[in-house]
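Structure first, then comments.
The values are calculated or read from the model by the stated rules, or taken from the named source; none is laboratory data. All values reported here derive from a predicted model rather than from experimental measurement. Glycine gets a Cβ as well: all are built from the backbone with ideal geometry, and neighbour counts include every protein chain shown. Side chains included, ligands, DNA and RNA excluded: accessible areas come from the protein's heavy atoms. Shrake-Rupley method; radii C 1.70, N 1.55, O 1.52, S 1.80 Å.
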Amino acid sequence: MKSQRPNSREKILAAAADVARETGPGSLSLEAVASRAGVSKGGLLYNFPTKAKLMQGLVEDYLREFEQALEAARTNDVSGESPLAAYIRLSANDCEDTQPSASWIFSAIAEDPDFLAPIKSFKQQLFQRLKAETPSLKALLICFIAIEGLRSMNLFDADVLSQNERQLLVSSLLEIAK
């Protein structure tokens, strides 16, 4: 069976995320993305007519990938981990990357504040789903806000926690989420 080759849109989004991580999101150029993706600038513009549309695609792709990873973690779990614990574990792992996987989101929002709308909608839907699936609202509030704080520190490169402190936080949140 042949493995599926990524389409040009997927290649462009992967290349854009790589370029944004390597050179900084503010330095993202369509030429650099096209070159990295191995497509012509015309091919890039066919998929994303403007830099703003490319950044919007990055935001939407990031949210879709997180949602898929969360769903996979929940459906593949045989230990009976709660949905809240799956969210904590996945988010904490995401924050462990030396390069924040979503560092370019800040640049996208600075470029166009409307990019915050899908993020806000995603977080609201996620919170409502976790609220419906978590017996303790208190546990949900503590865990959700703590993890989102960890994400924010990572996003803004303002992490003040040591590795041990971060591990203690995550293990404490996982205990609360049981």
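May I ask for the angle, rounded to the nearest 10°, between helix 137-155 and the longest principal axis of the chain, with both axes built from Cα atoms and the value confined to 0 to 90°?
Its long axis makes an angle of about 40 degrees.
Under the rule of -39500 (n - 2.57) per DSSP H run of 4 or more residues, summed and divided by the residues of the chain, what mean residue ellipticity at 222 nm is obtained, to the nearest 500 deg cm²/dmol? Each step should come with its number before you reach the end.
Values: 9 runs with 130 residues, N = 178.
Roughly -23500 deg cm²/dmol at 222 nm, from the helical runs in the chain.
For Lys120, give me every one of the lysines with a C-alpha distance below 25 angstrom, ignoring sequence neighbours fewer than eight places off in its own chain.
Excluding near neighbours in sequence, the set is Lys51, Lys53, Lys131, Lys138.
Grab the beta carbon distance between Asp61 and Ile142, set R0 = 25 Å, and tell me the FRET efficiency rounded to 0.05.
Working from the Cβ atoms, E equals 0.25.
Using +1 at the C-beta of Lys and Arg and -1 at the C-beta of Asp and Glu, which of Ser27, Ala132, Tyr87 has the Cα lying farthest in the positive direction of the dipole of the chain?
Ala132
Loop-only check: which trypsin sites (Lys or Arg not before Pro) in region 14-83 are DSSP coil with at most 15 other Cβ within 10 angstrom?
Values: sites: Arg21, Arg36, Lys41, Lys51, Lys53, Arg64, Arg74; in loops: none.
Answer in residue order: no site qualifies.
Please work out how much length the chain gains when fully extended from Leu45 to Ser162, using 0.36 nm per residue of separation minus the C-alpha to C-alpha distance, in nm with one decimal.
Using 0.36 nm per residue and subtracting the Cα-Cα distance, I get 37.8 nm.
I want to check the label-to-label distance for Ser171 and Ser152. Put each point 7 Å from Cα in the C-beta direction and report it in nm to one decimal.
2.7 nm
At 1.4 Å probe size, what's the solvent-accessible area of Ile142? Round to the nearest 10 Å².
Around 80 Å² of this residue is reachable by solvent.
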